[in-house]
Structure formats: C-alpha cells, structure tokens
Amino acid sequence: MDATRQIRFIWKPLVFLTCLIPAALIVGDIFAITGTLGANPVEELQDRFGNWGLRFILLALSVTPLRQISGWNWLSRFRRMLGLFAFFYVLMHFLTWLVLDQGLLLSAIAEDIFERPFITIGFCAFLILLALAATSTARIRRSMGRRWQKLHNAVYVAAILGVWHYWWQVKLDATDPAIYAVILAFLLGYRIWRSRQKKTRLASNPAT
C-alpha cells in the first residue's frame with residue numbers, strides 16, 4: 001500500500017477516532033460512566049468543550065510549522081480535519097451556553113453578547129470559525145480562488161479571540177489561558193519570522 005492510500009485508509013480514520021475521544025469522555029461523564037461533571041455540570045461542559053476547541057485550533061495551526069521544520073509534507077493532509085474538529089468542539093461549547101445556560105432565551109442571549117465583553121469576543125470567534133467551516137470543502141475552495149486563502153487567514157484572528165475570551169472568563173487562576181497564549185504567540189511568531197525570511201530571500205535574489 002502506497003503512502004497516499006495509507007494516509008487515506010489507515011491514518012486518517014485513526015486520527016478521526018482519536019479526535020473523538022474527548023467528546024466520548026464528556027458523554028461518558030454525562031451518564032456517569034467514565035466520571036462526573038461535578039457540582040456545576042453546565043459550566044463544566046462549557047469549559048471542557050471550549051478547552052478542546054482551543055486545543056484543536058492550536059493543533060491545526062501547528063501543522064504548517066511542523067511540516068516546514070520536519071519536511072513531512074503529509075502532515076498537511078490532516079489540517080482540514082483538525083480545523084473541523086476545532087469548529088465541532090467550539091460549536092458544542094456555544095450550544096451548551098445557548099441551550100443549557102441561556103435556555104434559548106433571546107433577551108438573555110442578546111444581553112450576554114452585547115454587555116459582557118468576554119462573550120462578545122467569544123461569539124465573534126465562533127462566527128469566524130463558522131465561516132471557515134462552511135467554506136472548507138475543495139469545491140468551494142476552487143470556486144473562491146484567491147479569496148479563499150484570504151478568508152481562511154482569519155483563523156489567526158479566531159485563535160487570538162478564543163484565547164482572549166478564555167483569559168477574560170477566568171476569574172482566579174489564569175495559568176491555562178496563559179499557556180494557550182504562549183503557544184499561540186509562538187505559532188504566530190514563527191509565521192511572521194518565516195514570512196520575513198521569504199521576503200529577504202526574494203529581495204536578495206530578484207528575478208531577472
């Protein structure tokens with residue numbers, strides 16, 4: 001079996017199932033099979049889904065640096081899957097807040113979005129990820145052309161807003177959001193450094 005078929009029929013299904021493990025554990029805790037959700041189950045659900053959403057955003061953003069540093073170009077085949085799982089967990093985080101926390105009460109939802117800044121920026125991040133997920137198919141990518149890449153660069157904005165949302169939400173111990181912020185700063189810093197290196201090479205070797 002060649003490498004392409006291995007990735008498609010072995011590694012992609014394995015990665016897919018691995019990405020579902022956090023959701024399976026959360027479901028197990030809901031039914032008290034693998035654990036419990038503690039004294040405040042709604043808040044615990046929101047926190048778990050939100051944390052995993054951020055983790056998958058960072059994992060998706062890690063693909064390009066790892067590919068460029070290691071030379072393992074096959075890693076790029078998993079970027080879309082990781083990005084969609086990031087949206088899935090953020091969507092579950094949002095739905096937990098929308099349905100279980102706010103009870104679909106429009107007045108309460110609007111008040112939270114417009115009067116609580118950490119929810120405002122979290123909602124903005126969700127809308128960006130929604131747009132990216134909705135345009136993630138190969139067909140839409142081809143139809144949008146260069147506009148597709150410009151749109152999907154907004155993932156960096158979504159990541160920053162997501163970490164910011166988490167940081168503002170934490171009332172006491174900000175260790176976890178600080179760790180996410182450091183990882184994100186490294187990933188964005190690497191991209192800036194790489195872009196400058198490329199511009200320097202082009203400037204020193206102009207086309208003739």
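Bear in mind that the values in this text are calculations on the coordinates, not laboratory data. What you see is a predicted model, and the numbers here were worked out from it, not measured in a lab. Cβ atoms come from the backbone with ideal geometry, glycine included; neighbour counts cover every protein chain shown.
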Considering residues of the stretch 1-42 that are closer than 16 Å to L84 by Cβ and in contact with a Leu (Cβ under 9 Å, 6 or more places away or on another chain) only, the residue surrounded by the most Cβ atoms within 10 Å (Cβ to Cβ)
C19
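Looking at the stretch 173-208, which of its residues are of a type in the set (A, V, I, L, M), in a helix (DSSP H, G or I) and more than 20 Å from S62 (Cβ to Cβ)? Outline the logic, then answer.
Within the stretch 173-208, the subset of a type in the set (A, V, I, L, M) is 174, 178-179, 181-185, 187-188, 192, 202-203, 207.
Right, trim to in a helix (DSSP H, G or I) and you get 178-179, 181-185, 187-188, 192, 202-203.
Scanning the stretch 173-208 gives L202, A203.
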Restricting the first residue to the stretch 56-79 and requiring it to be without any contact (Cβ under 8 Å) to a residue 12 or more places away in the chain, which pairs with a second residue that is of a type in the set (G, A, S) meet a Cβ separation below 7 Å and a spacing of at least six or different chains?
R67/S76
Long-range neighbours under 7 Å by Cβ, at least six apart or interchain, first residue within 24 Å of G122 (Cβ to Cβ) and without any contact (Cβ under 8 Å) to a residue 60 or more places away in the chain within the stretch 171-198, second of a type in the set (V, I, T) and in a helix (DSSP H, G or I):
P177/V163; A181/V163
For the stretch 107-120, state whether one or more residues are in a helix (DSSP H, G or I), of a type in the set (A, V, I, L, M, F, W, C) and buried (at least 17 other Cβ atoms within 10 Å of the Cβ).
yes
S136 versus (1) of a type in the set (S, T, N, Q); (2) closer than 23 Å to T64 by Cα; (3) part of a helix (DSSP H, G or I): which is the lone unmet condition?
(3)
One residue from Q169, Q197 being polar (S, T, N, Q) and surrounded by 15 or more Cβ atoms within 10 Å (Cβ to Cβ)
Q169
Subset of the stretch 43-68 that is in contact with a helix residue (DSSP H, G or I) (Cβ under 6 Å, 6 or more places away or on another chain) and more than 20 Å from D176 (Cβ to Cβ) - its residue that is surrounded by the most Cβ atoms within 10 Å (Cβ to Cβ):
V63
